[in-house]
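Colleague: Before we start, here is the structure in question, set down as structure tokens.
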Amino acid sequence: MKNKEILSRLSVEIRNATPDISERLSLRSHEKKTEVIKMSKSNKIKKWIIGASAAAVIALAAGIGFAGNQYFSVATVIGIDVNPSIELRINKNDTVVKALALNSDAQIILDEMKLKGVDCDVAVNALIGSMLKHGYIDELKNSILISVDNPDARKSAELEERLMNEINSILSGSSVEPAVMAQSVSDDASLKNLAEQYGISVGKATLIQKICNADPTKTFESLAGLSVNDLYLIAETKSISSEGSVTQGSPSSASYITADEAEQAALSHAGISASDVSFITCELDFDDGIMVYEVEFISGSTEYDYDINALDKSVLKFSTERADNYNPSGSGSSSGSSSSGNGSSGNSASVTEAEAQQAAFSHAGVSGATVVKAEYDRDDNKYEIEFIAGSYKYEYEISAADGRVLKSEKEAVKSSVSSSGTAYSVSADEARQKALSHAGVTDPYEFEIDYDRDDNKYEIEFKSGGYEYSYDINAATGEIIKSEKERDD
């Protein structure tokens with residue numbers, strides 16, 4: 001019997017059980033005496049019915065309230081991530097209590113979609129269908145992350161399997177072969193805070209944390225904006241532990257060049273054939289806001305490191321060093337006092353501050369400058385001098401023992417970076433030759449060049465003849481923004 005019918009019948013019983021004394025009151029209203037009305041046996045029974053009926057009403061109302069609380073109580077939280085991040089909160093009957101859009105892409109998917117009160121299987125079907133329709137899932141982006149948060153491990157496993165089968169069924173009629181990862185997540189306060197901070201689900205935060213734990217060079221912030229497909233590719237490359245998760249299918253890498261193409265691009269740039277290589281590795285990774293292949297190989301006695309753009313095969317960064325860490329003769333400290341200034345002088349300053357400034361001016365080729373810093377470092381027995389001349393800022397370290405230049409750096413006060421901020425017309429090879437020519441070096445070792453996308457410049461470091469060199473080259477114009485030379489210890 002339905003609740004409404006029960007309440008209706010109880011209401012009738014209560015009315016029937018109540019004595020009608022309105023007529024009696026009307027007839028005796030003119031009398032001043034008060035008459036005591038004695039209750040018959042039947043009236044006593046009716047009185048009992050009134051009490052019992054009222055108790056039944058109260059009990060029924062409490063029961064309805066209890067059932068309502070169960071209906072709206074959240075038993076499980078399901079996270080669905082592609083790039084849209086959506087959270088479904090369901091009750092013990094697997095009915096959706098609330099659907100939350102965790103980022104702007106998810107708002108597009110949930111727009112005008114009423115999921116409250118819908119079975120979770122039906123809700124997932126609708127969400128995946130909408131993502132497919134809006135282009136968030138296709139042949140190039142086929143990865144879907146399902147995360148289940150329920151204290152009952154058996155229930156979590158049952159939901160994971162059910163939802164994975166549902167998604168495969170939905171996409172079976174399309175051209176997409178899905179890569180689905182389902183995982184159980186714990187009630188971790190720190191992960192919940194990170195998820196809220198970056199507008200993602202706890203499930204995606206869990207996957208990102210696994211990658212950061214496996215590779216300490218990665219930061220949560222740098223990975224939070226990536227799609228699940230890219231995260232899945234990185235996790236697969238780094239052999240991230242799949243403990244606590246179930247996977248089906250492989251993430252699509254069709255948006256990027258292949259590992260073989262990346263290796264060939266690096267070898268071609270180095271001018272080395274594959275037959276001359278004794279060892280090579282290639283790994284897809286994410287660095288400085290872009291997907292890259294990190295290629296490392298050894299040829300002869302030299303080790304090469306390359307970062308190859310995974311989209312267009314361009315060289316973003318490369319470095320070389322002796323495979324056996326051998327330094328050629330002359331690369332060590334020169335005779336006399338060491339570059340730290342701790343020679344036979346016993347850390348006493350034989351050179352005055354004014355003489356140190358003049359030594360720096362002479363080396364920089366300026367007759368006058370605005371000194372912004374002139375400081376004596378007692379521990380290393382040297383002067384640290386900074387000054388501005390023209391449109392450049394100079395930094396020098398001068399030995400307080402004999403006035404030698406220990407370190408010099410020159411940097412444009414305002415670097416002329418291209419207005420695009422990303423396009424570069426100067427190649428890495430041209431930047432390399434610019435730096436070596438300026439330094440007068442023909443035999444560098446431990447050479448490293450890195451492209452800084454934010455400032456559109458090349459950052460170059462190398463060693464030669466007992467010195468370390470550091471350059472910043474404008475990638476748009478080839479101008480030397482910064483140059484530095486110091487003794488190699």
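Colleague: Based on the mean of other beta carbon atoms within 10 Å per residue, what is the order of 198-208, 172-182, most packed first?
Modeller: Ranked by mean Cβ neighbours within 10 Å, highest first: 198-208, 172-182.
Colleague: Between T258 and T370, what FRET efficiency follows from the Cβ-Cβ distance if R0 is 60 Å, with the result rounded to 0.05?
Modeller: Computed FRET efficiency for T258 and T370 comes out at 0.65.
Colleague: Oh, and also: Mind sorting H269, H134 by how few other Cβ atoms lie within 10 Å of their own Cβ, fewest first?
Modeller: So the residues, fewest neighbours to most, are H134, H269.
Colleague: Please list 274-282, 257-265 highest first by mean number of surrounding beta-carbon atoms within 10 Å per residue.
Modeller: Going from most to least packed, we get 257-265, 274-282.
Colleague: Mind ordering 462-468, 362-368 by average Cβ neighbours within 10 Å, highest first?
Modeller: Going by the mean number of other Cβ atoms within 10 Å, highest first, we get 462-468, 362-368.
Colleague: I've got another one for you. What translational diffusion coefficient, in µm²/s and rounded to a whole number, does the Stokes-Einstein relation yield for region 178-301 at 4 °C and a viscosity of 1.567 mPa s, taking the hydrodynamic radius as the Kirkwood radius over Cα pairs?
Modeller: It comes out at roughly 80 µm²/s.
Colleague: Can I ask one more? Can you sort S314, S169, S184 from fewest to most other Cβ atoms within 10 Å of each residue's own Cβ?
Modeller: Ranked by crowding around the Cβ, least crowded first: S169, S314, S184.
Colleague: Per residue of region 122-133, what does 6.51 cos²θ - 1.76 cosθ + 1.60 with θ = phi - 60° give for ³J(HN,Hα)? Whole Hz please, x for Gly and Pro, Karplus curve as stated.
Modeller: 5, 5, 4, 4, 5, 5, 5, x, 5, 5, 5, 5
Computed from the coordinates by the stated procedures, all read-outs in this text should not be read as laboratory data. Quick caveat, the model's predicted, so the values are computed rather than measured. Note that we place each Cβ from the backbone using ideal geometry, even for glycine, and neighbour counts take in every protein chain shown.
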